[in-house]
Amino acid sequence: MAEDAESPKINHSFLRDYVTEADVISTVEFNQTGELLATGDKGGRVVIFQRESESKGELEDLGDSGDSGEYNVYSTFQSHEPDFDYLKSLEIEEKINKIRWLPQQNAAHFLLSTNDKTIKLWKVSERDKRPEGYNLKDEEGRLKDISTVTSLQVPVLKPTDLMVEVRPRRVFANGHTYHVNSISVNSDGETYLSADDLRINLWHLGITDRSFNIVDIKPANMEELTEVITSAEFHPHHCHMLVYSSSKGTLRLCDMRASALCDQHSKLFEEPEDPGSRSFFSEIISSVSDVKFSHNGRYLLTRDYLTAKVWDLNMDKGPVETYQVHEYLRSKLCSLYENDCIFDKFECVWNSSDSVIMTGAYNSFFRMLDRETGRGVTLEAWRESSKPRAVLRTRRVYTGGKRRRGDVGVDSLDFTKKILHMAWHPSENIIAIAATNNLYIFQDRVSPDTHTQ
């Protein structure tokens with residue numbers, strides 16, 4: 001049958017750009033070796049990518065760099081389903097807030113995933129053999145009539161197609177009244193913490209029906225509430241130390257050796273406020289959206305709305321380094337407040353040597369900041385740069401003065417294209433960037449010392 005000439009043409013660009021809310025990536029995390037990369041989305045799904053080794057021909061094309069291959073889908077599973085809190089008459093979203101990998105102990109991998117209320121421990125394992133030759137079962141697994149068994153045989157394992165199995169091993173529920181914003185695995189490999197707006201709980205990986213509350217900032221009268229917990233993380237080496245950030249821009253370092261209940265912090269990190277620069281938006285933009293220990297455990301990296309800061313654990317009077325991420329937005333805070341973008345929670349990450357930090361911005365831009373030189377570069381995650389061997393291009397936001405070719409005006413920025421979630425490979429210059437429903441993975445193939453490729 002001939003096609004109707006009057007039929008409307010399909011707008012393929014619209015279909016390409018159309019994104020359902022459930023497909024938006026909400027967290028990204030490498031495992032400890034960097035061979036696996038997990039993403040969670042607002043639909044409650046977890047997708048695990050595995051790094052493939054490149055063929056001999058591809059390695060020859062790369063010369064002596066010897067970089068491994070690309071990441072391909074390894075497994076996909078539904079981690080959380082939408083739920084309902086009947087006591088509060090509130091829907092509980094299936095959105096995955098955080099994913100954290102456990103240190104690998106055997107051939108299987110384990111990861112924690114959480115939505116607003118429930119944390120789950122998943123086991124990811126491979127199976128490439130299946131048993132055959134049971135005495136009391138037939139080939140389809142049904143029990144045989146014992147009277148028909150005339151001889152005994154030893155069951156054998158026979159090769160089969162590789163299967164990736166993902167099974168829930170633990171469900172840690174009913175530990176939080178408020179929305180869970182952080183989970184962090186302890187260096188002891190046996191415990192982890194989970195944090196919501198007002199409390200931080202300590203869990204044992206083998207016990208699901210109870211947790212120990214280590215931080216509780218809920219006031220007796222909720223009208224006296226002045227701040228909430230925004231992020232929390234364990235120290236990478238000392239199992240008794242943890243840090244949590246607040247909506248007031250402060251960091252509190254806690255030592256569980258001093259007290260089991262860490263309401264009294266051991267150190268308070270905050271930057272003195274300049275009274276002359278205070279405005280209606282000061283408290284909102286000073287709220288810390290993410291905090292990360294450096295790999296060596298000496299420094300803290302934080303992100304607020306406009307800046308990224310590095311703090312020395314031995315200096316609590318203020319940050320030792322401050323980097324402007326998108327200072328040009330300071331004049332736009334009123335419109336950003338009206339469209340709720342001012343409440344966006346940007347993450348920040350260290351590279352493997354703690355010499356470079358990375359964080360996100362708008363218009364599909366993200367920033368890389370070199371601690372040695374103090375300089376930063378703005379890069380763009382877009383479809384053209386996702387082609388094999390494509391070079392990331394640097395971008396500049398025009399704020400005045402001489403305008404260069406390719407500069408983007410502040411008024412032209414697309415605030416719907418925001419880079420909130422990202423991860424850096426634990427030992428190599430490979431980064432994973434979540435841009436709405438797209439996952440970009442970039443690798444520096446030039447030299448291990450270069451980070452802007």
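Suppose R0 equals 41 Å. What FRET efficiency, 1/(1 + (r/R0)^6) with r the Cβ-Cβ distance, do residue 160 and residue 190 give to the nearest 0.05? Don't jump to the answer; show the numbers that get you there.
Values: r = 35 Å, r/R0 = 0.85.
Taking R0 as 41 Å, the efficiency between residue 160 and residue 190 is 0.75.
For the range 190-316, the square roots of the Cα gyration tensor eigenvalues, ordered a ≥ b ≥ c, give a/c of at least 1.5 with a/b no greater than b/c, which places it in the oblate category. Each residue of the range 217-223 is assigned a 3J(HN,Hα), and the resulting list reads 9, 6, x, 4, 10, 5, 5 Hz, derived from the Karplus form 6.51 cos²θ - 1.76 cosθ + 1.60 (θ = phi - 60°), x at Gly and Pro.
Could you state the orientation-averaged shadow area of the convex hull built on the Cα atoms of the range 124-271, in nm² to one decimal? List each step's numbers first, then the result.
Working: hull surface 59.1 nm².
Convex hull of Cα atoms, orientation-averaged projection: 14.8 nm².
Might you report the magnitude of the Cβ-based charge dipole of the range 250-359 about its Cα centre, with Lys and Arg at +1 and Asp and Glu at -1, to the nearest 20 debye? Don't skip to the answer; put the middle values down first.
Values: 12 positive and 18 negative charges, 44 e Å.
The dipole of the range 250-359 has a size of about 220 debye.
For GluC sites (Glu not before Pro), the sites in the range 235-291 that DSSP calls loop and that have at most 13 other Cβ atoms within 10 Å are 273.
Along the axis of the charge dipole computed for the chain (Cβ charges of +1 for Lys and Arg, -1 for Asp and Glu, origin at the Cα centre), the listed residues 101, 439, 268 are led at the positive end by 268.
Applying a 4.7 Å Cβ-Cβ cutoff to the chain, the cysteines left without a disulfide-compatible partner are 239, 334, 341, 348. Residue 207 sits with roughly 50 Å² accessible to a 1.4 Å probe, with DNA, RNA and ligands left out of the calculation. Projecting label points 7 angstrom from Cα along Cα→Cβ for residue 327 and residue 108 puts them 5.2 nm apart. Return the distance in nm (one decimal) between the two label points of a simple spin-label model at residue 267 and residue 390, each offset 7 Å from Cα along Cα→Cβ. For residue 267 paired with residue 390, the spin-label model returns 4.3 nm. Here the calculated FRET efficiency for residue 352 and residue 47, from their Cβ-Cβ distance with R0 = 41 Å, stands at 0.95, rounded to the nearest 0.05.
Looking at the range 104-172, which trypsin sites (Lys or Arg not before Pro) are in a loop (DSSP not H, G, I, E or B) and have at most 15 other Cβ atoms within 10 Å?
Values: sites: 117, 120, 123, 127, 129, 137, 142, 144, 169, 170; in loops: 117, 142, 144.
Passing sites in the range 104-172 are 142, 144.
What is the sum of charges around residue 83, taking Lys and Arg as +1, Asp and Glu as -1, for the other residues whose C-beta is under 14 Å from the C-beta of residue 83?
Overall, the nearby charge balance is -2.
For the chain, the Cβ-based charge dipole about the Cα centre amounts to some 460 debye (Lys, Arg positive; Asp, Glu negative; other atoms uncharged).
Where in the range 259-276 is the amide nitrogen less than 17 Å from a point lying 7 Å along the Cα-to-Cβ axis of residue 240? The answer is 259-267.
Sum up the charges of everything whose Cβ sits under 12 Å from the Cβ of residue 317, counting Lys and Arg as +1 and Asp and Glu as -1, but leave residue 317 out.
Working: positive: 267; negative: 270, 271, 312, 316.
Within the 12 Å Cβ shell, the charges total -3.
Note on residue 371: accessible area approximately 50 square angstrom, rounded to 10, probe 1.4 Å, nucleic acids and ligands left out.
Would you please give the FRET efficiency between residue 373 and residue 220, computed as 1/(1 + (r/R0)^6) with r the Cβ-Cβ distance and R0 = 56 Å, to the nearest 0.05?
Numbers: r = 50 Å, r/R0 = 0.89.
Once rounded, the FRET efficiency stands at 0.65.
With both labels modelled 7 Å from their Cα along Cα-to-Cβ, the residue 171 to residue 149 distance reads 3.5 nm. Close amide-amide hydrogen proximity is noted between residue 321 and 310, each under 5 Å apart and 5 or more residues distant or on a separate chain (H modeled in the peptide plane; Pro and chain starts excluded). The lysine pair count for the range 252-400, using Cα distances under 25 Å and pairs eight or more places apart or on different chains, is 12. One chain, two ends: residue 255 and residue 312. Fully extended at 0.36 nm per residue, the span grows by 18.9 nm beyond their Cα-Cα distance.
Rounded, prolate or oblate for the range 290-400? Axes are the square roots of the Cα gyration tensor eigenvalues, ordered a ≥ b ≥ c, and the cut-off for rounded is a/c under 1.5. Numbers along the way, then the final one.
Details: a/c = 1.94, a/b = 1.18, b/c = 1.64.
It comes out oblate by the Cα gyration axes.
The residue among 408, 118, 164 whose Cα reaches farthest toward the positive pole of the charge dipole of the chain, with charges on the beta-carbon of Lys, Arg, Asp and Glu, is 408. Ordering 324, 89, 131 by Cα displacement along the dipole of the chain toward the positive end leaves 324 in first place; charges were set at the Cβ atoms of Lys, Arg (+1) and Asp, Glu (-1). Each principal axis of the Cα cloud of the chain was taken in turn, and the coordinate range along them, longest first, works out to 93, 68, 55 Å. Ordered by 1.4 Å accessible area with all protein chains kept, 237, 109, 265 run largest first as 237, 265, 109. The alpha carbon gyration tensor of the range 335-405 gives principal lengths a ≥ b ≥ c with a/c below 1.5, which makes the shape rounded.
The values are calculated or read from the model by the stated rules, or taken from the named source; none is laboratory data. Predicted model only: the values in this text are computed from it and were never measured. Glycine also receives a Cβ, built like all others from the backbone with ideal geometry; neighbour counts cover every protein chain displayed. Areas reflect the complete protein model, heavy atoms only, side chains present, ligands, DNA and RNA absent. Shrake-Rupley method; radii C 1.70, N 1.55, O 1.52, S 1.80 Å.
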